Amino acid sequence: MLHPTSLPDGRLGASAYVFVDWLEAAGQSWWQVLPLGPPDDVGSPYASASAFAAWSGFLAEPYAPVSNRDVASFRTRHGYWAGDWEEAGNDLADQVRFEREWTALRDYARAGGVRLIGDVPIYVAWDSVDHRSHPALFLEGLVAGAPPDKLGPLGQHWGNPLFDWDAVACDNYRWWIERLRRTFELVDLTRIDHFRGFVAFWAIPEGSLDARDGQWLPGPGEAIFRAAERELGPLPVIAEDLGLITPDVDALRDELELPGMVVLLWAFNEPRDNPHRLENHREHQVVYTSTHDTETLRGHFPRRNKRRLLELALSSPAALCMIPAQDVLGLGSESRMNRPGEALGNWGWRLEPDQLTFELAVELRAATEAAGRLP
């Protein structure tokens, strides 16, 4: 797992192709990224100006020529959202450039046996193009967050607009279908963030200072996914089922036959029915050593052997094992990607050139082969 902003040059240029070569040498067959939209002022890709448009900051050749014909073709092929993006004062030429560069990189990765995993946040950013272009799809007077728990007595106040799921349903879930269509044009598989929000979501009165005044409201449940399946076919989706997960969330995930997530950082916690414990892992899951929102393995377990921890994750019965680049390198807290609840100091970590060495690729490939996970 490595977001393009964490490449040495932060772009889709030479270092991205070098990373693909390293993945192939290391026996790895999936590259996972975070959302690809324009980040907010503090660099968060989860508060993007658009759920559809890609960030021009990824471009290796930001001034490559683009013809009017190419722009017109893009506008036609992406008619659901491209006009809204232009009306907000943005240039479609950059989207054409991104499509060229991303497609070339994806084709190169596929030729090396590497496929791509994306990330779909459940919510959009306040005053994003999506929020302004489709105001009828959002609730008034309520914003997103998470309820108080033992780790946070005030809860989490995210402040995102909340979908009015009745209004979304009346539009036959069109916005969400088009969002997933766009996602599947760019990646082979995607994680959907905050999956539990499709069952029930925490709604906080606008103006509240924290999340304590919120309440649970019902989500769309199975209907939104079935509507997407009817148009898009089987959905290549990973359900991010972390956090406060109730039996109805598990039931929806299993009814949809979606793989959930388990995280090695939490595998050693009690109680025995903790789903992250290795003995409770299932094949239809994705095991992560850590995530972009947690400590790194080394930061969480400073005295444990890095190689042993990676071998534990690879030994899981989960069908897919994802390892952030920081954990492959054995880096500590200084390399953490995000600290939820802290506005500054996140999203800035980058690889150093040649940090992922050939020797490290050989080591990871050997561990992958020993676990029976080579492609």
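Read-outs throughout are calculated quantities, based only on the coordinates presented, and are distinct from any laboratory measurement. Note that the structure is a prediction, hence the values are computed from the model and not measured. Here the Cβ positions follow ideal geometry from the backbone for every residue, glycine too, while neighbour counts run over all protein chains shown.
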| task | Select, from Leu331, Leu312, Leu297, Leu232, the only residue that is touching a residue at least 12 places away in the same chain (Cβ under 8 Å) and in contact with an Asp or Glu (Cβ under 6 Å, 6 or more places away or on another chain). | result | Leu297
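What residue, among those in the range 267-304 that are part of a helix (DSSP H, G or I) and among the aliphatic types (A, V, I, L, M), is surrounded by the fewest Cβ atoms within 10 Å (Cβ to Cβ)? Steps first, please.
Going through the range 267-304, the residues part of a helix (DSSP H, G or I) turn out to be 278-280, 297-300.
Still in the list and also among the aliphatic types (A, V, I, L, M): 278, 297.
Working: Leu278: 16, Leu297: 26.
Looking at residues that are part of a helix (DSSP H, G or I) and among the aliphatic types (A, V, I, L, M), I get Leu278.
Look at Ile204 and say whether it is buried (at least 17 other Cβ atoms within 10 Å of the Cβ), in contact with a helix residue (DSSP H, G or I) (Cβ under 8 Å, 6 or more places away or on another chain) and aliphatic (A, V, I, L, M).
So Ile204 does not fit the description; no.
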| said: For the range 3-27, which positions are at negative phi, part of a loop (DSSP other than H, G, I, E, B) and in contact with a helix residue (DSSP H, G or I) (Cβ under 6 Å, 6 or more places away or on another chain)? | reply: Leu7, Pro8, Asp9, Arg11, Leu12, Ala26
| Can you name the residue in the range 62-82 that is surrounded by fewer than 17 Cβ atoms within 10 Å (Cβ to Cβ), free of Cβ contacts under 8 Å to residues at least 60 places away in the same chain and within 25 Å of the chain's Cα centre (by Cα) and, of all such residues, is farthest from Glu178 (Cα to Cα)? | Pro62
| request: Answer yes or no as to whether Asp188 is over 27 Å from Ile323 (Cα atoms), buried (at least 16 other Cβ atoms within 10 Å of the Cβ) and not small (Gly, Ala, Ser). | output: no
| task | Could you tell me which numbered condition Asp171 fails, if it satisfies all but one of (1) surrounded by 15 or more Cβ atoms within 10 Å (Cβ to Cβ); (2) more than 24 Å from Gly89 (Cβ to Cβ)? | result | (1)
| query | Taking Arg339 and the conditions (1) more than 22 Å from the chain's Cα centre (by Cα); (2) within 24 Å of Pro38 (Cβ to Cβ); (3) basic (Lys, Arg), which numbered condition does it fall short on, given that it satisfies the others? | reply | (1)
| field | Residue list for the range 327-373, filter: crowded, with 16+ Cβ neighbours inside 10 Å and hydroxyl-bearing (Ser, Thr, Tyr) | value | Ser335, Thr368
| query | Among the residues of the range 28-40, is any over 30 Å from Trp158 (Cα atoms) and in a loop (DSSP other than H, G, I, E, B)? | reply | yes
| said: Of the residues Arg97, Arg110, only one is under 30 Å from Met322 (Cβ atoms), in contact (Cβ under 8 Å) with a residue 40 or more places away in the chain and basic (Lys, Arg); which? | reply: Arg97
| One residue from Gly214, Gly221, Gly197 being under 23 Å from Val262 (Cα atoms), more than 16 Å from the chain's Cα centre (by Cα) and small (Gly, Ala, Ser) | Gly221
| said: Which residue is farthest from the chain's Cα centre (by Cα), if the candidates are limited to the range 262-290 and must be touching a residue at least 40 places away in the same chain (Cβ under 8 Å) and closer than 15 Å to Val328 by Cβ? | reply: Leu264
| note | Going through the range 237-266 in order, the residues found to be crowded, with 20+ Cβ neighbours inside 10 Å and acidic (Asp, Glu) are Glu240, Asp241
| field | In the range 103-158, residue farthest from Tyr80 (Cα to Cα) [restricted to those that are of a type in the set (Ser, Thr, Tyr) and buried (at least 16 other Cβ atoms within 10 Å of the Cβ)] | value | Tyr123
| query | For Tyr63, all conditions in the list (1) assigned to a loop (DSSP other than H, G, I, E, B); (2) in contact with a helix residue (DSSP H, G or I) (Cβ under 6 Å, 6 or more places away or on another chain) hold save one; what is the number of the exception? | reply | (2)
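So, in the range 207-220, exactly how many residues are more than 10 Å from Gly155 (Cα to Cα), out of contact with any helix residue (DSSP H, G or I) (no Cβ under 6 Å at 6 or more places or on another chain) and surrounded by 13 or more Cβ atoms within 10 Å (Cβ to Cβ)?
So in the range 207-220, the residues more than 10 Å from Gly155 (Cα to Cα) come out as 207-209, 215-220.
Going one step further and asking which of them are out of contact with any helix residue (DSSP H, G or I) (no Cβ under 6 Å at 6 or more places or on another chain), we end up with 207-209, 215-218.
Now drop any that are not surrounded by 13 or more Cβ atoms within 10 Å (Cβ to Cβ), which leaves 208, 217.
Counting residues in the range 207-220 that are more than 10 Å from Gly155 (Cα to Cα), out of contact with any helix residue (DSSP H, G or I) (no Cβ under 6 Å at 6 or more places or on another chain) and surrounded by 13 or more Cβ atoms within 10 Å (Cβ to Cβ) gives 2.
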